[in-house]
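The values are calculated or read from the model by the stated rules, or taken from the named source; none is laboratory data. On a predicted model such as this, the values are computed, not experimentally measured, just so you know. Because the Cβ atoms are built from the backbone with ideal geometry, glycine has one as well, and the counts that use them run over all protein chains shown. The area values use the complete protein model at the heavy-atom level, side chains included, leaving out ligands, DNA and RNA. Shrake-Rupley method; radii C 1.70, N 1.55, O 1.52, S 1.80 Å.
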Amino acid sequence: MTPTAEPAQGNHRATYREVLAEPRFRLLFSTRTVAITADALRITTFSVLVFSATGSALLSALAFGIGFIPQLFGSLLLGSLADRLPARALITGGYALTCAAALLLALVRMPIAASLGVVVLVALATPVFHGASSRLVAQSLEGDAYVLGRSLNNIAASGAQLFGLALGGAAVAALGPRRALAVSAALYLGCALAVRIRLPRLQPGEFGDTPGSARGDGGTVRASLHGAGLLLRKHTVRRLMLAQWLPPAFVAGAEGLIVAYAGGRHFEPGWYAVLMGCLPVGMLVGDLLVGRLLRPPTRERLVVPLIALMGLPLVGFAAEPGVGVSSCLLLLCGFGFAYGLGLQRPFLDALPPDGQGQAFGLLGSGSMTLQGVGPACFGAVAAGIGTGGAIALAGGAAAFTAGWILTWHPPTSPVPVPNCSTGSENGTNSISQRAGSGPTESRTTTCVPSSRCSSGAPGVCSRAVRTARRPSSS
């Protein structure tokens, strides 16, 4: 099928209304927002439950963070299931599993080790469910609508986490930790029922559910390790994953020192909470402004400056500023998180169609793991050089990542490289081309920036090929 000429989709700026008009995305977005609220409620309440039972700050902290690191192992060992099984069954099963785990923790008085084991088991399976959901979102939204869909997810995630933390404190105070866990279980159950009832069952090969012949052979663990290896061996995918992993991990390391910094500077009680709230507020504003006001090519060109904006303000903490300046620096840092919007389409275009679910699961689990490791590493650094110096070092590391991305160069080619967004042959290199993907060879106006022809025929871009291959949604 040869695509017909349309207005250049690479320059088309979608709107949030267009994104929310897609029924599948609207369902996945709303249930995921509720689930993130339930996650925050469950994590904080379980931590309180463990502390009340043991009186150990160490075990309480372990209960809070034990669900993060196992996700990486789950992605490596089970990630292929996100592409091998129907999306509706996986997403529904994921919410049902977390519901059962929360009920088990609420109703059964188990040894602490057994309770932690339950959380670990859920964490191992989490990348599979999230990968399936992200794959379906990627195949529900086209072009810039997909980027704004990711923006909406980021905004909702920040708000839902803050609301879940507040809800957790109120629920524990009013109901006690075990009944508060039961509340989180009820939220998960509502999500599972909504997906099961309202998301249609997709037939093999329809709208992202991969036919059996394309799912690969062999056991789940072998297929998952093989798929993860193939993804990480792809130069473009590996670079784009690192670009999405490293800056947030460095900033998380700095964020973990805010309480200690406020205490060391003898700020008034409660100001540490204001400082910690500046980052998510900056993230919300950045995603809204960059996602809504800038065109797709502009977002991709601003990836490096926005990463630099994440890191450079943190360097100012070397001077140990007061509350007002510190708040402004953290707001600017949070705004820089919008750089991720400029990487969404290049990353999606670099993925194999039959491995998107595992790729999204690996991206999320790797990010969660590194954001858990970051505070520990920079906390150790702070013991030697002080909290202000450690925060500044974390910011410098994030800014260094921006410099690293500037070193990316497209592969040399003996033929001119067309620019998809303008139709010219010597335009600015996109992020995906600098990451190492091949040159774009498109003679139609349907291609988007940073996509490259995968069909083997000039004039048909990868996005158009995917559109031609997938039936239109009903």
Legend entry - Tabulated pairs, segment 384-397, first under 14 Å from PHE250 (Cβ atoms), second buried (at least 24 other Cβ atoms within 10 Å of the Cβ) and among the β-branched types (Val, Ile, Thr), C-beta under 8 angstrom, 6+ apart or interchain: ALA394/VAL251; GLY395/VAL251
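Among the residues of segment 316-326, how many are surrounded by fewer than 18 Cβ atoms within 10 Å (Cβ to Cβ) and either in a helix (DSSP H, G or I) or modelled with pLDDT of 95 or more (or both)?
Of the residues in segment 316-326, 5 are surrounded by fewer than 18 Cβ atoms within 10 Å (Cβ to Cβ) and either in a helix (DSSP H, G or I) or modelled with pLDDT of 95 or more (or both).
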Legend entry - Flag for PRO414 being assigned to a loop (DSSP other than H, G, I, E, B), at pLDDT below 90 and open to solvent by 50 Å² or more (accessible area, probe 1.4 Å): yes
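How many residues does segment 134-180 hold that are among the charged types (D, E, K, R), surrounded by fewer than 22 Cβ atoms within 10 Å (Cβ to Cβ) and under 25 Å from GLN356 (Cβ atoms)?
1
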Inset, instruction - Please go through segment 281-324 and pick out each residue that is without any contact (Cβ under 8 Å) to a residue 60 or more places away in the chain and touching a Gly at 6+ places or on another chain (Cβ under 7 Å). - result: VAL281, GLY282, GLY286, LEU302, LEU306, LEU309
Inset, instruction - Go through GLN344, GLN356, GLN371 for me and flag whichever is touching a residue at least 24 places away in the same chain (Cβ under 8 Å), among the polar types (S, T, N, Q) and surrounded by fewer than 22 Cβ atoms within 10 Å (Cβ to Cβ). - result: GLN371
Legend entry - Count of residues meeting criterion [out of contact with any Lys or Arg (no Cβ under 6 Å at 6 or more places or on another chain) and either assigned to a loop (DSSP other than H, G, I, E, B) or among the charged types (D, E, K, R) (or both)] in segment 187-202: 4
Inset, instruction - From (1) part of a helix (DSSP H, G or I); (2) more than 19 Å from ALA249 (Cβ to Cβ), pick out the condition that doesn't hold for LEU330. - result: (2)
Inset, instruction - From GLY169, GLY159, GLY176, GLY164, grab the single residue that is at pLDDT below 90 and at positive phi. - result: GLY176
Legend entry - Residue list for segment 26-58, restricted to those being at pLDDT below 90 and either surrounded by fewer than 19 Cβ atoms within 10 Å (Cβ to Cβ) or outside any helix (DSSP H, G or I) (or both): PHE51, SER52, ALA53, THR54, GLY55, SER56, ALA57, LEU58
Inset, instruction - Residues being β-branched (Val, Ile, Thr), farther than 25 Å from ARG196 by Cβ and touching a residue at least 60 places away in the same chain (Cβ under 8 Å): count how many of those fall in segment 31-89. - result: 5
Inset, instruction - Go through segment 101-128 and give me each residue that's of a type in the set (Gly, Ala, Ser) and either loosely packed, with under 15 Cβ neighbours inside 10 Å or out of contact with any Leu (no Cβ under 8 Å at 6 or more places or on another chain) (or both). - result: ALA113, ALA114, GLY117, ALA123
Legend entry - Members of segment 291-315 that are aliphatic (A, V, I, L, M) and modelled with pLDDT of 90 or more: LEU302, VAL303, VAL304, LEU306, ILE307, ALA308, LEU309, MET310, LEU312, LEU314, VAL315
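Got a number for residues in segment 331-341 being touching a Cys at 6+ places or on another chain (Cβ under 7 Å) and either among the aromatic types (Phe, Trp, Tyr) or open to solvent by 10 Å² or more (accessible area, probe 1.4 Å) (or both)?
Residues meeting the conditions: 1.
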